[in-house]
Structure formats: C-alpha cells, structure tokens
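Colleague: Got a structure here, written out as structure tokens. Questions coming.
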Amino acid sequence: MTGSEVSPSFRLAYVPGVTPAKWVRIWNERLPDIPLHLVAVPAAEACDVLLGGDADAGFVRLPLPAERTDLSAIPLYTETTVVVIPKDHVVAAVEEVTSEELADEIVLHPLDDVLGWEELPGRPAFERPATTADAIELVAAGVGVLAVPQSLARLHHRKDLTYRPLTDAPQSRVALSWPEDATTDMVEDFIGIVRGRTVNSSRGRTQPEAKTQAKASKAPAKGGRAKAQPQGKRPGGGGAQRKAAAGKSSRGGSGAAKRGKPRRRS
C-alpha cells in the first residue's frame, strides 16, 4: 500500500485530568470517515509527543516550556485547585481552605506536579512522591495532604478521601496545542470543534461545502432584494390605489346625499 492510499486519521493526545469525550463525539458526527485516535500522555511528555509527530494535536497544561516556541496553543479553561484530604480530616468540615490554614500540614509535592508552586505551603515531606497517584496513596495512609487541579482529584477518587477548594493556590490552565508548522486541515477542523463553531462556520476541509450551502440558502432572498421595484411601480400597486380612491369617493358621495337640504312639504 502506498502512502497516498493510507486512510487519513487524526491522533489526539491528552494529559491526565482532561476528558476529551465531548469533542471526540462531535468529531465522529461531523467527520465519520476520519477515525480519531486518542493518545494518553503524561503532562511532562505532551510537548515531546506533539513535536515528535506522535499526535496531530493535544490537550496540554500551560505554561508550555519557554523553549517550545514551535508549538501553537489556544487556552481553553482554568481549573480550580483543591486540597485532597482524608474524609475524617479537620479540613473536611469547611467549604474551602487557604494555604495559611495548611501551615501545620505535610503538603506532598509529587515530581509530576502541574501547579508550578513558587513556595509550597505547609511542611515538606521527607521526599517527593514520584507521581500524583503515589501521593494520593500517601494521603490515604495519613502521611500528608495534596494540592492538585480538581480534575486530578476526580481522576484519583477514593471513597476514603475528599477534597476542598484551595483559594489562594496556583491554578492550572488547559490548552489545545499543535506543532506550528503542521496546521493541517484536520487540525483546523478540530480547532473549530473545540471553539464551538457550527458546521457552516467551521474552517479547514469542511469550509467549501459549508460556503456552498450558505450561498444556496441565501440566493432566493438576495434575488428578491435585487428585483425590488420602487413603490409606484409595484405590480398591482396602481389598481390597489385606484380601488382605495374609489372607496373614498363612494363614501364621500353617500355622505353628501345625507347632508343635503330637506325637501319642503306641500
């Protein structure tokens, strides 16, 4: 099979915590002939996966490394940061917490942290857990607490743990990213889906068909405006005006007869 005979497909990378199901569903509805393959990647490896050609686009966490100027990115949303705690922890009794209120807690700082703390609150652990999943296990064991984006707290949900918003913590932003020199038609199509464009406004490969449909739907209305005539020359206009005038004349004549002088009685 030659390269030109290979069926096209779209590879979408995503980091832990991101749920691309909604956008994948829309892609499958609009482009059923082009399979979309999901590629799960650790947050720290997402840029390498995109630049290495192992995915066409991907959901990543910002900020991108400063040296990754060859990647384009569209910020999508900012996540709430939460602190993960045991259900019987004292913090579970409040609706939200500040970093200052964690001063006496051991706050775990996994090596795959995505929040980019300048100064971690609380007391440091003896060593950093390798992953967020490892840190969750330590929280469940009562070793400390963990601050993460809310989506990661949900991803690693356990019945014996809960979480509360951490109001003054750094936040994680999620973005759609792709190699700047590889902005293909399929990438443009997916950008349109993520940005909520309709089929008729979508850019890329689906655009010409959408424009054709839009022109076809507007043709009659446009033609009608072009054929509009001045008011005095509209078909049937003179007849309508003559009828109106005749009606007024008739009513006027009837009124005149009634207002005439009464006849003298002999």
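The values are calculated or read from the model by the stated rules, or taken from the named source; none is laboratory data. As the structure is a prediction and not an experimental result, all values here were calculated from the model. Positions of Cβ are generated from backbone atoms using ideal geometry, with glycine treated the same way; all protein chains shown enter the neighbour counts. The accessibility values were calculated without ligands, DNA or RNA, using every heavy atom of the protein model including side chains. Shrake-Rupley method; radii C 1.70, N 1.55, O 1.52, S 1.80 Å.
Colleague: May I ask you to evaluate 6.51 cos²θ - 1.76 cosθ + 1.60, the Karplus curve with θ = phi - 60°, for each residue of segment 172-184 and list the ³J(HN,Hα) values in order in whole Hz, giving x for glycine and proline?
Modeller: 9, 9, 9, 9, 8, 10, 7, x, 4, 8, 10, 7, 7
Colleague: If I ignore ligands, DNA and RNA and count only protein heavy atoms, how much of THR198 is accessible to a 1.4 Å probe, in Å² to the nearest 10?
Modeller: That residue has around 80 Å² of solvent-accessible surface.
Colleague: Also, I was wondering about something else. In terms of modelled amide H atoms, which long-range or inter-chain residues lie less than 5 Å from the amide H of VAL39?
Modeller: When sequence neighbours closer than 5 places are left aside, the close amide H contacts are LEU12, ALA13, TYR14.
Colleague: Å³ per residue of the Cα convex hull, for segment 93-180?
Modeller: 124 Å³
Colleague: Sticking with this structure for a sec: Taking a ≥ b ≥ c as the square roots of the eigenvalues of the Cα gyration tensor of segment 35-154, is the shape rounded (a/c under 1.5), prolate (a/b larger than b/c) or oblate?
Modeller: prolate
Colleague: Taking K and R as +1 and D and E as -1, what net charge do the other residues with C-beta under 11 Å from the C-beta of ASP113 add up to?
Modeller: That sum, taken over residues with Cβ under 11 Å, equals +1.
Colleague: Related question: With a sphere of radius 13 Å drawn around the Cβ of SER72, what net charge do the other residues whose Cβ falls strictly inside it have (Lys, Arg +1; Asp, Glu -1)?
Modeller: -4
Colleague: If you don't mind, another one. Quick check: net charge around LEU62, other residues with Cβ under 12 Å of its Cβ, Lys/Arg +1 and Asp/Glu -1?
Modeller: Within the 12 Å Cβ shell, the charges total +2.
Colleague: Based on Cα coordinates alone, diagonalise the gyration tensor for segment 137-187, multiply each eigenvalue by 5, take square roots, and list the semi-axes in whole Å, largest first.
Modeller: 34, 13, 9
Colleague: Shifting gears a bit: Could you pull out every residue, at least 5 positions away or on a different chain, whose amide H is within less than 5 Å of the one on ALA147? Hs are placed 1.01 Å off N in the peptide plane, and Pro or chain starts have none.
Modeller: Long-range HN contacts for ALA147: VAL84, LEU108.
Colleague: By average Cβ neighbour count within 10 Å, what is the ranking of 110-120, 180-190 from highest down?
Modeller: Descending mean neighbour count gives 180-190, 110-120.
Colleague: Projecting each Cα onto the charge dipole of segment 1-155 (Lys/Arg +1, Asp/Glu -1 at the beta carbon, about the Cα centre), which of LEU50, SER99, VAL148 comes out farthest on the positive side?
Modeller: The Cα lying farthest towards the positive end belongs to LEU50.
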